[in-house]
Amino acid sequence: MTESELLDAAVAGNESAYADLVEPHRRLLHAHCYRMLGSVHDAEDAVQETYLRAWRNLSSFQGRSSLRSWLYTIATNVCLRAIERRPGRVLPIGYGPPADPHGPLGAPLAESTWIEPYPDEGLDLGDGPVGPEARYEQRESIELAFVAALQHLPARQRAVLILRDVLGFSGAEVAAALETTPAAVYSTLQRAHLTVEQRIPELSQQATLRSLGDEQLRAIVDRYVSAWERNDVAAIAAMLTETAAIAMPPTATWYRGRSAVATGLGQLALSGRMAWRLTPTRANGQLAVMAHGGDAGGPLVPNHLAVLTLRGAMIDEITYFLTPM
């Protein structure tokens, strides 16, 4: 059936036709809601509410815009209402100052405080922009630094930047989605650019990964996995930039500087008290490893997902999500 035929059948109450109509948009809608909310779980709830609202209001969709534009309008407004109900999410590096690596690990804070990692598996986001007006690639726009920068924007600035620069909607389409004017959209976008560009690195992780190539990336991950499984603090430290950082949500604890990171790891994860098995993966469009750990000789259980941020061939940041999804 064509989209028009599916739409007619869905309006007539055919739930199967409705599912066929909207399901092709689910993955990208989910990524959109994640950028808005910083949470995979909140994004899933937002997509479900979007589909429910779209189903209930399908008869009012007159084709004045594309189905894609209509769904993103609903999803964006669902996210804006969700943001009103809770504080913004952050990463520990944006939450407070670095900790003393000789001190104890901080107590976990509420899960709703932290940005969640976004697993790449099965998302099929693609590598390029989704529209001619887009400024950022799809994978670039889910990198941790970018998502963290978005959370520092007021909600409507966040929505405008994502709709315009990530999804490639025109100024007129964004204005219609947010019930404002194109002039207001461009003014809001300029303010959003000032904040985001100050908070993201000049070179995206996607550009860094491409510059290194698959063979060198495999070597970096293999070195990291081997060193961690050996509890080899010195080998991990040798992979870090001088100003590297490690953060460990859901605690607010994080360390800055190669020496501080090494000291912290030596007292905590890589003290030799635990055995490790690491599996390479991807999250937030970046290199990542899933770690299972446990007492030596005992069972290994899921412990953390570490998302690696590279500067050249060196690791500049490890975001170590304890008790991952």
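Points worth noting:
- Farthest toward the positive end of the dipole of the range 159-261, out of Ala172, Leu203, Ala260, is the Cα of Ala260, where the dipole comes from beta carbon charges about the Cα centre.
- Loop-exposed GluC sites (Glu not before Pro) per DSSP, neighbour cap 11 Cβ within 10 angstrom, longest uninterrupted part of the chain: 203-325
- Under-5 Å amide H pairs with Phe321, H placed in peptide plane, nonlocal only: Leu305, Ala306, Val307
- Local electrostatic count, Glu84, Cβ distance below 15 Å [Lys/Arg +1, Asp/Glu -1]: +3
- Packing-based exposure ordering (other Cβ within 10 Å, fewest first) of Leu80, Leu163, Leu240: Leu80, Leu240, Leu163
- Order of His32, His25, His102 under a 10 Å beta carbon neighbour criterion, fewest first: His102, His25, His32
- For the range 1-52: span of alpha carbons on each principal axis (Å, largest first): 36, 17, 12
- Tilt relative to the chain, helix 67-84 - C-alpha long axis, 0 to 90 degrees, to 10: 60 degrees
- Within a Gaussian network of the chain (alpha carbon springs, distance under 10 Å), most fluctuating of Asn57, Asn284, Asn303: Asn57
- Here the Gaussian network model covers the chain, with springs between Cα atoms less than 10 Å apart; of Arg218, Arg139, Arg64, Arg64 fluctuates the most.
- Taking the alpha carbon gyration tensor of the chain, multiplying each eigenvalue by 5 and rooting it gives semi-axes of 39, 21, 18 Å, largest first.
- The long axis of helix 182-199 is offset from the longest Cα principal axis of the chain by roughly 10 degrees.
- Selected from Thr181, Val22, Ala313, residue furthest toward positive end of dipole (the chain; charges at beta carbon): Thr181
- Projected area averaged over orientations for the range 43-83, convex hull of C-alpha atoms, nm²: 2.7 nm²
- Evaluated over the range 267-322, the Cα radius of gyration and Dmax, each in Å: 12.2, 37
- Nearest-20 debye value, the range 135-281 charge dipole, Cβ charges on Lys, Arg, Asp, Glu: 360 debye
- As a proxy for reagent exposure, ranking Ile220, Ile318 by other Cβ atoms within 10 Å from fewest up yields Ile220, Ile318.
- In the chain, the longest principal axis of the Cα atoms and the axis of helix 205-229 are about 40 degrees apart.
- Taking 0.890 mPa s as the viscosity and 25 °C as the temperature, the Stokes-Einstein diffusion coefficient of the range 203-325 based on its alpha-carbon Kirkwood radius rounds to 170 µm²/s.
- Loop-located trypsin sites (Lys or Arg not before Pro) in the range 237-325 (DSSP state other than H, G, I, E, B) with a sparse environment of at most 13 neighbouring Cβ atoms within 10 Å: Arg273.
- Of Gly257, Gly38, Gly63, the one that fluctuates the most in a GNM where the chain has Cα springs shorter than 10 Å: Gly63
- Computed Kirkwood radius, in angstrom, where 1/r is averaged over Cα pairs of the range 1-90: 13.5 Å
- Helix content alone sets the calculated 222 nm mean residue ellipticity of the chain: runs of n ≥ 4 DSSP H residues at -39500 (n - 2.57) each, divided across all residues, give -14000 deg cm²/dmol.
- Under Stokes-Einstein, with the Kirkwood radius over Cα pairs as Rh, the value for the range 159-238 at 37 °C and 0.692 mPa s is 205 µm²/s.
Each value in this text was obtained by applying a stated rule to the coordinates, not by laboratory testing. Treat the numbers as computed from the prediction; the structure is a model and nothing was measured. For neighbour counting, all protein chains shown are included, and Cβ atoms are generated from backbone atoms with ideal geometry for every residue, glycine included.
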